[in-house]
Each structure stands twice: as structure tokens, then as C-alpha cells.
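Chemist: Handing you this structure, nothing more for now.
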Amino acid sequence: MADYEFPSDLIEAQQAYWAADARVQEVTDALPSSLAIVSGEAVMSDEQRAELEQVRAARLDALEVLDRHPRWATVEDRYAARLALRRAAEA
């Protein structure tokens, strides 16, 4: 596998995406179960819907920053480079 060096803003973009994804998970974990909603035992409030929409939009924005970084145009094997980026961002 090739060695990759990543600019700090790309590593930060990966970390920001992970943080945004974790926030979406926190919000969805706090929602009533879909089974409870379907059975009429629970409802999702307007505030919960708005918060979920907001955190999902933030996650999408973070993903776009990550995926549109110009560094990706300079690598031959984007998959291998993404794996290497993940390892670098975890360090």
C-alpha cells in the first residue's frame, strides 16, 4: 500500500465528519423507537424532528467538505487513501 501524507485540514475534515455522525447517532438514540411510533405508543415531537433535520444537515455538510477536498484528485487509489486517512485521523 502506498504511503500517504494528508494536509491537516483534510484530517480535521475527517474528524469533523465523525463528530457530526456521532451527533446524529446521539439524537436518533434519544428518539422513541419506530415500533412505538407505528403502534401509536409514542410520537416524535416537532422539536425532535427539527433537531434531527439539523444534525443530519450538519453531517451532510461535513461529508461534502471531506469528499470535495482537492487532495482526492491527486491519488490513484482513493479507497486506499481513504483508509489511510482514517488511520491518520484516529492517531
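Since every read-out is calculated from the coordinates, none of them should be taken as a lab result. If you're wondering where the values come from, they're calculated on a predicted model, not measured in any experiment. With ideal geometry, Cβ positions are generated from the backbone for all residues, glycine too; neighbour counts draw on all protein chains shown.
Chemist: Name the residue, out of A62, A84, A80, A89, that is touching a Phe, Trp or Tyr at 6+ places or on another chain (Cβ under 6 Å), touching a residue at least 60 places away in the same chain (Cβ under 8 Å) and surrounded by 13 or more Cβ atoms within 10 Å (Cβ to Cβ).
Modeler: Answer to the selection: A84.
Chemist: How many residues are over 8 Å from the mean Cα position of the chain (by Cα) and either without any contact (Cβ under 8 Å) to a residue 12 or more places away in the chain or more than 17 Å from L60 (Cβ to Cβ) (or both) when one looks only at segment 1-25?
Modeler: Counting residues in segment 1-25 that are over 8 Å from the mean Cα position of the chain (by Cα) and either without any contact (Cβ under 8 Å) to a residue 12 or more places away in the chain or more than 17 Å from L60 (Cβ to Cβ) (or both) gives 13.
Chemist: Evaluate segment 69-77: report whether one residue or more is under 18 Å from D3 (Cβ atoms), surrounded by 15 or more Cβ atoms within 10 Å (Cβ to Cβ) and either polar (S, T, N, Q) or more than 18 Å from the chain's Cα centre (by Cα) (or both).
Modeler: Looking through segment 69-77, at least one residue is under 18 Å from D3 (Cβ atoms), surrounded by 15 or more Cβ atoms within 10 Å (Cβ to Cβ) and either polar (S, T, N, Q) or more than 18 Å from the chain's Cα centre (by Cα) (or both).
Chemist: Separate question: Report, by residue number, each residue of segment 65-77 that is under 18 Å from A20 (Cβ atoms) and without any contact (Cβ under 8 Å) to a residue 40 or more places away in the chain.
Modeler: Answer for segment 65-77, where residues must be under 18 Å from A20 (Cβ atoms) and without any contact (Cβ under 8 Å) to a residue 40 or more places away in the chain: D67, R68.
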